[in-house]
């Protein structure tokens with residue numbers, strides 16, 4: 001069964017004559033006749049009674065024709081909907097993000113573009129506070145930030161949805177002596193050279209570890225360049241601390257060289273998560289909801 005056959009039976013129920021159907025649909029009468037016969041054979045049902053006075057639907061045919069009409073109407077609505085989207089003027093949108101989410105974000109944008117072809121997305125990367133400031137100043141439409149769960153209790157003028165939990169893990173070379181561990185505590189971690197991303201939450205976490213252990217961290221360097229950290233970790237110059245979702249994305253091409261190990265759970269510290277933030281003033285609710293669903297899917301699919 002196909003759309004053309006549905007058009008044949010609906011048109012024949014209106015025109016009553018094969019010749020009129022053929023003329024209206026720009027077909028030959030024999031093609032019309034054969035198309036209807038094939039559909040009747042497929043459905044094991046006689047749809048029309050033929051006579052010298054015309055062609056009229058059977059009782060079963062009336063039911064099938066009614067459903068065919070409804071199906072064609074739905075198909076027309078789908079075509080109209082997609083055509084309207086293609087005719088929309090371009091909509092430029094911006095998203096500011098923390099590091100570590102580029103691969104699933106690109107996957108999400110690619111699929112969003114299929115659904116909303118008029119959308120053009122710009123990606124800006126920065127620290128959590130930079131993302132929130134950009135939203136506050138109206139410079140971006142969306143944000144992906146790392147924050148503790150208490151963000152939901154704060155009175156901030158944004159729509160906030162959790163994408164995934166963001167427990168901190170250690171990323172290390174597979175040649176590191178720590179690669180033998182299944183879990184690492186603060187006392188072990190604090191003694192290792194650290195290559196850290198310059199994000200307030202990561203740096204605050206290191207300060208928390210220093211406070212808990214009573215020791216200063218052995219920081220090799222702090223940077224906003226992820227490639228520098230990957231190089232240092234891969235070559236066993238340092239380990240790094242990052243949320244698990246960052247490891248799954250930033251280090252996905254280095255699994256043969258780099259290993260992640262969870263840090264022992266700390267009951268004195270609030271859990272962190274990756275959050276999708278959008279302005280409450282946005283008029284693009286359908287786009288926003290779809291974008292969040294896609295990001296949530298691709299981040300958690302790893």
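The values are calculated or read from the model by the stated rules, or taken from the named source; none is laboratory data. What you see is a predicted model, and the numbers here were worked out from it, not measured in a lab. Glycine also receives a Cβ, built like all others from the backbone with ideal geometry; neighbour counts cover every protein chain displayed.
Results for (1) in a helix (DSSP H, G or I); (2) at pLDDT 90 or above; (3) over 13 Å from residue 239 (Cβ atoms), shown as yes or no for each residue.
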{"position": "123", "(1), (2), (3)": "no, yes, yes"}
{"position": "138", "(1), (2), (3)": "no, no, yes"}
{"position": "144", "(1), (2), (3)": "no, yes, yes"}
{"position": "155", "(1), (2), (3)": "no, no, yes"}
{"position": "161", "(1), (2), (3)": "no, yes, yes"}
{"position": "169", "(1), (2), (3)": "no, yes, no"}
{"position": "205", "(1), (2), (3)": "yes, yes, yes"}
{"position": "212", "(1), (2), (3)": "yes, yes, yes"}
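Within the range 46-71, the residues that satisfy the criterion of being surrounded by 13 or more Cβ atoms within 10 Å (Cβ to Cβ) and not in a helix (DSSP H, G or I) are 46, 47, 48, 54, 55, 56, 57, 58. Could you list, in sequence order, the residues of the range 205-235 that are touching a strand residue (DSSP E or B) at 6+ places or on another chain (Cβ under 9 Å) and within 15 Å of residue 191 (Cβ to Cβ)? If the condition is that a residue be touching a strand residue (DSSP E or B) at 6+ places or on another chain (Cβ under 9 Å) and within 15 Å of residue 191 (Cβ to Cβ), then 206, 209, 217, 218, 219, 220 are the ones that fit. For the range 230-302, the strands (runs of 3 or more DSSP E) that sit wholly inside it and include 1 or more residues that are in contact with a helix residue (DSSP H, G or I) (Cβ under 6 Å, 6 or more places away or on another chain) and either outside the structural domain of residue 181 (by TED's automatic domain parsing) or farther than 14 Å from residue 100 by Cβ (or both) are 258-262, 272-279. Across the range 226-243, the number of residues qualifying as surrounded by 20 or more Cβ atoms within 10 Å (Cβ to Cβ) and at pLDDT below 90 comes to 2. Per the listing 11, 74, the residue uniquely surrounded by fewer than 14 Cβ atoms within 10 Å (Cβ to Cβ) and free of Cβ contacts under 8 Å to residues at least 60 places away in the same chain is 74.
Entry remark, the range 17-45: residues being farther than 14 Å from residue 4 by Cα, within 47 Å of the chain's Cα centre (by Cα) and not in a helix (DSSP H, G or I) number 2 in total. Comparison of 113, 90 shows that the only residue that is at pLDDT 90 or above and loosely packed, with under 14 Cβ neighbours inside 10 Å is 113.
Residue 80 meets each of the listed conditions (1) within 30 Å of residue 164 (Cα to Cα); (2) assigned to a helix (DSSP H, G or I); (3) at pLDDT below 90 apart from (1). Filtering the range 187-203 to residues that are surrounded by fewer than 18 Cβ atoms within 10 Å (Cβ to Cβ) and either in contact (Cβ under 8 Å) with a residue 24 or more places away in the chain or under 19 Å from residue 234 (Cα atoms) (or both) leaves 187, 191, 193, 198, 200. The condition of being in contact with a helix residue (DSSP H, G or I) (Cβ under 6 Å, 6 or more places away or on another chain), assigned to a loop (DSSP other than H, G, I, E, B) and either on the phi > 0 side of the Ramachandran plot or not assigned by TED's automatic domain parsing to the domain that holds residue 129 (or both) holds for residue 100.
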